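The values are calculated or read from the model by the stated rules, or taken from the named source; none is laboratory data. Given the structure is predicted, the values throughout are model-derived calculations rather than measurements. We place every Cβ from the backbone using ideal geometry, glycine too, and count neighbours over all the protein chains shown. When the accessible area is computed, the model is the full protein with side chains, heavy atoms only, and any ligands, DNA or RNA have been set aside. Shrake-Rupley method; radii C 1.70, N 1.55, O 1.52, S 1.80 Å.
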There are 2 protein chains.
Amino acid sequence: MSEFVRQIPDGDTRERLVCATCGHIDYRNPKIVVGAVVSQGGNVLLCRRAIEPRRGFWTLPAGYLELGETAEEGARREAMEEACADIVLDGLLAVYSISRIGQVQLIFRARFADADAPRFAAGEESLEVRLFEWDSIPRADLAFPSVAWSLTAWREGMGRPLAAPAGNPPADPLGAMAFGASPGAGGL
Amino acid sequence: MSEFVRQIPDGDTRERLVCATCGHIDYRNPKIVVGAVVSQGGNVLLCRRAIEPRRGFWTLPAGYLELGETAEEGARREAMEEACADIVLDGLLAVYSISRIGQVQLIFRARFADADAPRFAAGEESLEVRLFEWDSIPRADLAFPSVAWSLTAWREGMGRPLAAPAGNPPADPLGAMAFGASPGAGGL
């Protein structure tokens with residue numbers, strides 16, 4: 001096994017994990033999450049998570065961007081994987097930084113490719129997928145604060161052309177708060 | 001040394017590098033670049049790169065987002081590191097996917113914190129930092145296509161409130177083209 005030590009590489013300003021044998025630097029970078037608020041006739045698509053963390057709670061179709069994808073391709077892939085939904089992106093709805101867990105989330109506004117006959121079903125990582133009327137959204141059972149933030153941003157821009165994307169709410173500008181502490185469903 | 005083999009982990013759909021000894025999965029993810037078009041009185045701030053790739057060519061103050069930072073914090077840090085400039089972000093100007101090299105770039109619109117007396121200087125990774133009038137921008141010597149794209153997006157929105165951020169140009173929707181092949185300075 002190679003052994004990694006913490007040190008500041010030449011020309012850098014931060015400690016990195018550096019292999020004591022070969023000098024390879026193991027950069028750890030924030031990850032990009034891509035997802036979508038998919039709506040149809042004023043209802044929004046949510047997926048009940050089949051996997052941890054937050055199994056059993058409701059989320060947007062979203063996940064890690066893969067190498068070789070654009071953000072838009074990733075958001076469409078996630079909708080297909082998690083909700084078996086073929087979606088068309090309208091544009092970027094929100095950009096959230098969740099510094100606590102090293103994520104930047106790019107959330108798109110989207111609709112079903114076939115708006116007249118929306119098709120969706122639970123993918124492998126979902127227990128259940130449903131279209132919710134706004135008042136029926138399971139506010140207390142949303143998986144993550146940014147799900148609530150995204151739904152709020154969607155609702156505020158509903159029926160209008162996309163404007164500047166929403167960012168973190170003023171109460172959690174860094175995305176530093178954990179589930180219970182962050183202003184999530186409370187603001188929805 | 002541990003040995004990594006290419007295989008599709010359980011529950012995954014893609015090949016990953018998996019350690020043959022301990023089963024550790026070495027996920028490779030796209031990286032987030034954060035940067036800014038910093039302007040003052042219609043002039044824009046560019047940095048001449050002191051490092052490879054594209055040493056000697058002009059770029060925006062921009063770089064990899066670090067763990068624990070928000071996108072906004074990262075963009076401000078890069079302006080300080082590369083241009084010794086204290087900047088204030090107006091909002092998100094553009095989001096580019098450069099799938100060829102596994103990057104998503106978040107480019108902000110920004111101004112100097114002290115607009116009346118803008119201060120800037122070459123940081124360690126810059127040979128030179130200058131404010132350019134639009135017509136004086138060294139179009140043929142820009143470091144990357146997305147620098148040209150960002151400047152074009154900035155120019156188009158100049159003097160107006162930020163709207164939906166720009167994305168990749170229609171000629172390179174995936175960010176798949178290399179330097180010479182991509183529509184860069186040509187469109188500027």
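Structure data summary
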item: Filter result for B:ALA122 (more than 12 Å from B:THR59 (Cβ to Cβ), touching a helix residue (DSSP H, G or I) at 6+ places or on another chain (Cβ under 8 Å) and surrounded by fewer than 20 Cβ atoms within 10 Å (Cβ to Cβ)); result: yes
item: All positions within the stretch A:129-138 that are open to solvent by 60 Å² or more (accessible area, probe 1.4 Å) and in contact (Cβ under 8 Å) with a residue 24 or more places away in the chain; result: A:ARG130, A:GLU133
item: Output for the stretch A:69-90, where each listed residue is acidic (Asp, Glu), more than 23 Å from B:TYR96 (Cα to Cα) and open to solvent by less than 50 Å² (accessible area, probe 1.4 Å); result: A:GLU82
item: From A:ALA178, A:ALA166, A:ALA143, A:ALA148, residue being farther than 18 Å from A:ARG76 by Cβ, exposed (fewer than 14 other Cβ atoms within 10 Å of the Cβ) and under 17 Å from the mean Cα position of the chain (by Cα); result: A:ALA178
item: Matching entry among A:PRO53, A:PRO61 (being open to solvent by 20 Å² or more (accessible area, probe 1.4 Å) and either free of Cβ contacts under 8 Å to residues at least 60 places away in the same chain or more than 8 Å from chain B (Cβ to nearest Cβ) (or both)); result: A:PRO53
item: Every residue from the stretch B:67-103 that is more than 7 Å from every other protein chain (Cβ to nearest Cβ), in a loop (DSSP other than H, G, I, E, B) and free of Cβ contacts under 8 Å to residues at least 40 places away in the same chain; result: B:ASP86
item: Residue list for the stretch A:132-153, restricted to those being of a type in the set (Ser, Thr, Tyr) and more than 28 Å from A:ALA164 (Cβ to Cβ); result: A:SER136
item: Residues of the stretch A:1-33 classified as closer than 30 Å to A:ALA121 by Cα and either facing another protein chain (nearest Cβ under 9 Å) or open to solvent by 60 Å² or more (accessible area, probe 1.4 Å) (or both), total; result: 2
item: Restricting the stretch B:104-130 to residues that are in contact with a Gly (Cβ under 9 Å, 6 or more places away or on another chain) and outside any strand (DSSP E or B), the residue that is farthest from the other protein chains (Cβ to nearest Cβ); result: B:PRO118
